[in-house]
Structure formats: C-alpha cells, structure tokens
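The values are calculated or read from the model by the stated rules, or taken from the named source; none is laboratory data. All of these numbers come straight from a predicted model, not from anything done at the bench. Note that we place each Cβ from the backbone using ideal geometry, even for glycine, and neighbour counts take in every protein chain shown.
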Amino acid sequence: MAPADATDLVTRLISGDPTALEDAYREHARRCNAIAYKILRNDDQSRDVVQEAFLTLWRHREGLVVRTAGIAPWLTVVTRNAALAALRSAGARSRREERAHTSDMKTDAPDPADLVSASVDASRVRRAIASLSAEQQTVVELAYFRFMTMSQIAETTQTPLGTVKRRIQLALRHLGRILSEQRS
Amino acid sequence: MMPHPHDEIEAFALGSLDEAACRRVLEHADQCPTCAVVLADALNAVHMMEAGGERAIAQKISLGDSRPLRAGSGNLWARQPWRLLQVAAIAAAVLIVVGGLNIIRGMQTIAYTVPVASLVHSHFTHHALHGEGGNVKVIQDLNGRWLYLVADGLTPKARYNLFETVNGDQREVGQFVSTNSGEATAYWEQGPVRIQRLQVVSVGTPSTLLRWP
C-alpha cells in the first residue's frame, strides 16, 4: 500500500468510516493470518485471533500509536499478542487437563525449533539478532521465538525481572535501528 | 493517565506481556505522545522481524486473500454482530481530554511540553535521524506546520541545535537541552514547509551528530 493510501486509510478509520475497516481487512488480513497461524497452527483459532485484532484496531483507531506507527506494524504486534494469549490460554488449559487425567496429552503448541526453521529465510533478521550481546540474544530468542513471558524468561535464565525488562528494551531498540538501516 | 510503562513497551511489542498488561500499554500509549513514539519504534522493529519469517509460513497455509469482513460462517462479526456495534459505541464515547497546554507560537522551543493537541488533531509522519551520539526522532505534521522531537542516548544536560533544509536552504529550527538521563523532547511550530533534510548538531561542536535522511 502506498504511503498516501495508508494515510487515507488511517484518516477514514479515525472518522469512523466502516468501509475503511473492511479495506484494512482486505489489505492486511492475509498477513495477520500468517502471523497468527505461525503461532497457533490452527486455521479456526487464527481467524478468530485476526478478527479480534481488527476489533481492537477499531477500538483504538483514534489512538496515537495507530497514527504514528501505521496500521501494518500495529496490526502485526496486536495480532501476534492475541495469538500468544490464545496459545498461553490453551497451554494453561492443557496443563490443567494433563494434571486431571494424568495422561500424556499432545497439545497444539508449536515446536519452537520448527518456528525458527520457518524463519530461516529471514537471514537479515538473524544477522541483526546475532549483532546483539549474548544476554540480549537470549531474551530475544526466548521472547520472540519461544513465546515466553518476561516472568518465564526471568525464571528460565535465573535473572531478576528488572534485568530482563532492561535487556528486552535495549535489544529491541538495537534491532529496530539495525533493521531500519538495512532497509534504508 | 497511568504512569509511563517505559519498561514494558518493548516487552509488549515482543509479546512478553500478559493480556491485562497489553491492554494497559495500548490504552496509555493512545493518549501519551512520548510513549506512542517509543511504542511505534518497537512495533516497527517487530514488524520488520516478522516480515521475513511470515513469507515462509504464508506459503504453507491456504487462506482466501480478500475474505470480506462480514462473510463466511467462521466470521466472528457475522456470528456476533452486536460486538461491532458495542466497540463502535465505546469508541464513540471516548473523549480525549486535552489540557494544560501552553504552546508558544513561532520558531520557539517548549522543551518537555507534550503537544497533545497537535498530535490529536493532526496527521503526521516521522523521521528517524541516524548518526552518532544518540537516537533522535522528529515527528512532522503532514502539512509541515509543526515538529516534535523525541530523543534519548544523548549526552546528559547538553544543548543541541536542530536544523532543517527547505528548498535547498538550511536554517535553524531551534535548540533543545537533554535531561540528566540524556533524553529530550521539544516542539516547534512554523509555517507549512516541505522539509528535505534534518540535522542535529551539538552546540559548540560544529560537526553534525545525527541526520535524516
């Protein structure tokens, strides 16, 4: 989508034009579905997550972030977060059922190694991650590729939560700069 | 407004917050220009990370490219149309309260004053300045009438100049001073112009530190 079209879409969204939401859906739903599916590996769940993301977009359409970041990055992260919430909810449910039935139960949770391999063509991203410090690489791997929360990362790495937050903050800012420079 | 969730913005973008914390970050950033800019950067970073990996997985799934929002039995809104009305009503009821603004007109700096009114009522683009000595982003009204600068990683308590190039002529937009922690925000209003270049220079040091493009 050209920048002028993207700006027009945001303007129409802010004005409450429902056809703008449909246009946004036509433009971005496929990519959002790919993001959700990559995490959930389930078509129905992915569609529901994408619908939730677009509902959230409508709810926050007047927000400054939508206008600053643009719809595409905003939808990417909101879709990803919604999918992760669904995954974690499913994971918690599975663990409860596992405890109740004391039987082995196969979950739909994706294999992290599989997800990493799905991203192997993103060598640009991998190079950017490789330029981080070892500690920052670890938190990005655990957060981005293994879908861990900050608390889980703190527990896994035996690191104070505040340190994890700071590492995530510095790592993502560094990645943003590196990827922007590569793009430009 | 809740306290700035500075240490959770990047974690939100990476998906490491729970649902309640995600909602708090989004709702805060909706009305806080400084956090909105930081969050926009974080969203862009994750968006660029996703852009590579999603191509591979997108080829593996079958999905209608242009599925209409209200079509299909699996569509949430088709099953629960009241939800669209509900969120529309909620959105319509939201009022952004703007107060305490004291914007001085002309080419004058108002350091650390957030131009909420300008951001709420305008459409804008933003320019990331690259170079040494810090991170600077300049947000510009699409009509070129105002500039909002957000920076971090600068030398603490240092004075800087922002220059713009318009129609081939470079001119000073104004000065700003970094905080003890090397952060800065500044705001300037001016006549509508199309900016070709931006530069940040440390006062007293003639070399350019950061520039866009």
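Tabulated values for the structure
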item: Some residue of region A:26-36 being more than 7 Å from every other protein chain (Cβ to nearest Cβ) and of a type in the set (A, V, I, L, M); result: yes
item: A:Asn33 vs. criteria assigned by TED's automatic domain parsing to the domain that holds A:Ala85, crowded, with 22+ Cβ neighbours inside 10 Å and under 20 Å from the mean Cα position of the chain (by Cα); result: yes
item: Selection count where residues are within 20 Å of the chain's Cα centre (by Cα) and outside any strand (DSSP E or B), scope region B:130-178; result: 8
item: Qualifying helices (runs of 4 or more DSSP H) (wholly inside region A:1-62; at least 1 residues being small (Gly, Ala, Ser) and closer than 20 Å to A:Leu87 by Cα); result: A:18-40, A:43-59
item: Residue that is nearest to A:Ala90 (Cα to Cα), among those in region B:1-20 that are modelled with pLDDT of 90 or more and among the hydrophobic types (A, V, I, L, M, F, W, C); result: B:Leu17
item: Matching residues, region B:182-210, being in contact with a strand residue (DSSP E or B) (Cβ under 8 Å, 6 or more places away or on another chain) and either within 13 Å of B:Thr155 (Cβ to Cβ) or not assigned by TED's automatic domain parsing to the domain that holds B:Thr125 (or both); result: B:Gly182, B:Glu183, B:Ala184, B:Val200, B:Val201, B:Ser202, B:Val203, B:Gly204, B:Leu209, B:Leu210
item: Meets criteria (buried (at least 23 other Cβ atoms within 10 Å of the Cβ) and out of contact with any Asp or Glu (no Cβ under 6 Å at 6 or more places or on another chain)) for A:Ala20; result: no
item: Count of region A:154-184 residues which are of a type in the set (Gly, Ala, Ser) and either in contact (Cβ under 8 Å) with a residue 60 or more places away in the chain or more than 18 Å from B:Pro5 (Cβ to Cβ) (or both); result: 2
item: Of all residues in region A:58-77 being under 16 Å from A:Arg31 (Cβ atoms) and surrounded by fewer than 24 Cβ atoms within 10 Å (Cβ to Cβ), the one that is nearest to the other protein chains (Cβ to nearest Cβ); result: A:Ala72
